[in-house]
Structures are given as structure tokens and as C-alpha cells.
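Q: Dropping a structure here in C-alpha cells format, bear with me for questions.
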Number of protein chains: 2
Amino acid sequence: MSPARPSFANWPCSVARTVDIIGDAWTSLILREAFYGSRRFDEFQQQLGIARNTLTDRLRRLVDEGLMEKWLYESEPPRHEYHLTEKGHDFFPVLAAITRWGDRWLAGEEGAPVTLHHDVCDHDAHAEVVCSACGEQMRSADTSIRLGPGYPERLKARPDIQRRFAGS
Amino acid sequence: MSPARPSFANWPCSVARTVDIIGDAWTSLILREAFYGSRRFDEFQQQLGIARNTLTDRLRRLVDEGLMEKWLYESEPPRHEYHLTEKGHDFFPVLAAITRWGDRWLAGEEGAPVTLHHDVCDHDAHAEVVCSACGEQMRSADTSIRLGPGYPERLKARPDIQRRFAGS
DNA sequence: CGAGCTAAGTCTTGTTACGCAACCCTCCTC
DNA sequence: GAGGAGGGTTGCGTAACAAGACTTAGCTCG
């Protein structure tokens, strides 16, 4: 009937909406490659070992969603480069947070395979996720959720929703 | 021949290793639900509208990977609750970073559907990803990558790898 | 002048992962 | 003894995915 996963794009949840775009195995890795400096189709393909048709599909989606732009750098024959947009560049903190989690929980005794260097302060460092108000680390235990301005009116009355946001 | 996506679990990259676990549409949403307080199978199922067999599969994977634990809270008949482990709780910053990106780039004019409240400082706030050394925001343009202690020796000699890490 | 190479895909084919709905089992309550 | 909650499993169909061959168009080497 509808074997394809339903779209999350209109859910009242930024996690769902984001996952709707990057919620597959390859897309995050393509973005990582882009942050590493890859620009060309074959470069992505060789570095990741992704099937070419899958790469075509993912790049098209990233372009459609505005995270990347396709630049023509030569017209006869047409040759393209894929560049991150501002929206795409702004995804870096997410990958940095993922890297931090993976370094901590999935690296063996050898330690992290790759480390980050913050050029501004010239230190090897890792990403930390902090509260924008006080700068302290944001942990789940210290954080609660509240209804935002964009929450749909018609859902607010539902008892399960009420319960969910009761902690305000 | 091998239509299934290859495993990223042994790639020398924490993003790849993490995506190997959570790199599908549902897993991140299940974790979000867990942070919202869901514990039971039917609770996850109803809140997300996920197919039951898919949920079974994802919960099993999360348990196998150590992000959740299955607790027996009643033995006749057996009833279970799924609880986040420390490893699972530590994933919250990733979801907070994703939420921040989604709030900024995917919310309409109405604004974010859900806002975070940091109970420690008692402010509505959002997540910020900062450098662990200097506390400044971590942007892709200010950050470079270096070989970490866990990077496999045999790969270091490859010219494409050398080029990738040349910026140190 | 033809062979081969590069870039960026497209096409074909086959398998598998995923979603849906229906069903199952056990205990509990009315 | 009917119905409901809890926690799944089974069967079925579709669509996502991977592999690899093919395409087009120009350039280069001999």
C-alpha cells in the first residue's frame, strides 16, 4: 500500500523535520565529505564507496533542500561542483556533536580516529553542546520542553500532548 | 549481490560509526520520544505512528548497541519498559543540535514548534555547539581536522588521505 | 586517426529493507 | 466470556538500494 516511509516534513518537531532530510545512512556522510573539502561527483563517490545512482539521488535531494548548490565550472562538456550553502555550512555543529558522541562511545582503546582543531584558539578540541543562555552544558536531565510559537493550535488540546508539555 | 548498505561500523570516522547505528529515519525519533519520557512499546508506537515490526527492530538495535535497556517491570505476564542508558542519555546533545538547526532552517514564520528550557539557569534557550577549549562557537570555517590516535596506520600513507589531513 | 581517459551521470537488474495490516498469546477486568 | 492492554510476530507488497555496464562529450597521447 504505502511501503515508503511517511514524510516527517510537516510534523511539529524540528528533529522530525531534519530527519526527513538527512535521515538515511548516506546523507550525513556526504555532508561530512563536503566539510572535508570534496566538491566533485567522483570525489564523493570514491571517498565513500557509495553507489553512483544513490549518490546522484542524495546530491539532488541536498540541492533541492537548499543545503548544497550545483555549480557549473566548465560548460563544454558540462562539469559540476557541489558546494555547501549557508544552510549546509550551518549543519556542521550537528556533525561535530555526532563526532563527539562517536568519539566517546564508539572509539576503541586507541582513541578517536580524527580530532578537531579549532583554528580560532589554536587548540585541539571537541564540540560541546551548551545552553545559549548560561553557557553550561546541556544535559537531558537539566532540560525540559515547552510549547513553542509554531506549535499547531489544533494539537494543543489533546490529552497526550498536554501531558507531554506538563512540565512547564 | 549485496543490496544491503555496507556497514560503517569499522570506518575510521566517528560520524560513520554513529550513522551506522542511528542512520535511518526512525531511530532518532525513537530516542527523541525516550527523552520526552516514553518508556513502553505501545507508547512509542502510538506517538510516532511507526509500524510495530519496525519498532521492534529499532528497539532491539538500540538495546544491542547499549543506548537503551529493557527492564522487566512485571513478570506475569512479562511487561517491559525501555530506558535510556548513560550512553543513550549522552545522545541528547546531538538531538539538541539537530533541533537547533531545524528550528533555524525548517520552521516557518510561526517559529519553532517546541522550545527548550534549561532548568539549571531557568531560561528558555537553544543549544549551541562550542569549542571545548575556548568556548567560542564551532563553525566549519574555523575548524580543521587532524589525524587522531585511533586512525589506522595502514591508511596514513594513501595520497588522498595525506591530502585530506594536509592542513595540520 | 583511433585508443584510452576523465567527468558526471543514467540504465538495468536483482535483492533486501521497510511499512501495513492482521494475527497471536497471556493476563486482567467487567 | 467479552473485551482490552501489552508486547510482540507473520505475511505480503513496494520501493530503496547496490553493482556494474553503458552513455556522452571533450581531451590527450602516440
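Q: For the stretch A:92-168, report the translational diffusion coefficient in µm²/s to the nearest whole number, using Stokes-Einstein at 25 °C, 0.890 mPa s, and a Kirkwood Rh over Cα pairs.
A: Values: Rh = 15.9 Å.
Once the numbers are plugged in, D ends up at 155 µm²/s.
Q: A further question on this structure: What number, in percent, do you get for the relative contact order of chain A if the mean sequence gap of Cα pairs under 8 Å and at least 6 apart is divided by its residue count?
A: Values: 132 pairs, mean separation 21.3, N = 168.
Once normalised by length, the contact order is 13 percent.
Q: Now for a separate question. If the cut-off is a Cα-Cα distance under 18 Å, which aspartates and glutamates reach residue B:70, setting aside same-chain residues fewer than 8 apart in sequence?
A: Partners within reach: B:33, B:42, B:43, B:57, B:81, B:86, B:90.
Q: Using a basic spin-label model with each label point 7 Å from the Cα along Cα→Cβ, how many nm lie between residue B:110 and residue A:80?
A: 3.4
Q: Once the label point is set 7 Å along the Cα-to-beta-carbon vector, what list of distances in nm do you get between residue B:56 and its counterparts in the other copies?
A: Sorted ascending, the copy-to-copy spacings read 3.7 nm.
Q: Counting only other chains, and only Cβ atoms inside 10 Å, what mean value do you get across the residues of A:33-43? Show your work: numbers first, answer last.
A: On the way: counts 2, 1, 4, 5, 5, 1, 0, 0, 0, 0, 1.
If you average over the peptide's residues, the count of other-chain Cβ atoms is 2.
Q: Between B:15, B:94, B:114, which gets the highest mean-square fluctuation from a Gaussian network model of chain B, Cα cutoff 10 Å?
A: Evaluated over chain B, the most mobile residue of the options is B:114.
Q: Evaluate E = 1/(1 + (r/R0)^6) for residue B:10 and residue A:56, where r is the Cβ-Cβ distance and R0 equals 35 Å; express this FRET efficiency to the nearest 0.05.
A: It comes to 0.85.
Q: Mind listing the label-point distances from residue B:76 to the same position on all other copies, shortest first, one decimal in nm, points 7 Å along Cα→Cβ?
A: 8.7
Q: At 4 °C and 1.567 mPa s, grab the translational diffusion coefficient of the stretch B:17-165 from Stokes-Einstein with a Kirkwood Rh over Cα pairs, rounded to a whole number in µm² per second.
A: Values: Rh = 18.5 Å.
The diffusion coefficient I find is 70 µm²/s.
Q: If you average the sequence gap of Cα pairs under 8 Å that are 6 or more apart and divide by the length of the stretch B:14-89, what percent do you get for the contact order?
A: So the answer I get is 27 percent.
Q: Taking the square root of 5 times each eigenvalue of the Cα gyration tensor, what semi-axes in Å does the equivalent ellipsoid of the stretch B:14-89 have, largest first? Intermediate results must be reported in sequence, preceding the final value.
A: Numbers: eigenvalues 85, 40, 24 Å².
Whole-Å semi-axes of the equivalent ellipsoid: 21, 14, 11.
Q: With runs of 4+ DSSP H residues as the only contributors, calculate the mean residue ellipticity of chain B at 222 nm using -39,500 (n - 2.57) per run, divided by the residue total and rounded to the nearest 500.
A: Details: 7 runs with 64 residues, N = 168.
So the calculated ellipticity at 222 nm is -11000 deg cm²/dmol.
Q: How are the Cα pair distances of the protein assembly as shown distributed, in percent, across 20 Å bins from 0?
A: P(r) over the protein assembly as shown, rounded to whole percents: 29, 59, 12, 0.
Q: Further question on the same structure: Connecting C-alpha atoms closer than 10 Å in a GNM of chain A, tell me which of A:158, A:61, A:17 has the biggest fluctuation.
A: Answer for the Gaussian network model of chain A: A:158.
Q: Still on this structure, I have one more. Name the most mobile residue of A:147, A:55, A:95, meaning the one with the largest mean-square fluctuation, in a Gaussian network model of chain A with Cα contacts below 10 Å.
A: So, out of A:147, A:55, A:95, the one fluctuating most is A:147.
We did not get these values from a lab; they are worked out from the coordinates using the rules stated. Please read these numbers as outputs of a predicted model, since none were measured by experiment. Reconstructed Cβ throughout: ideal geometry from the backbone, glycine too, with neighbour counts over all protein chains shown.
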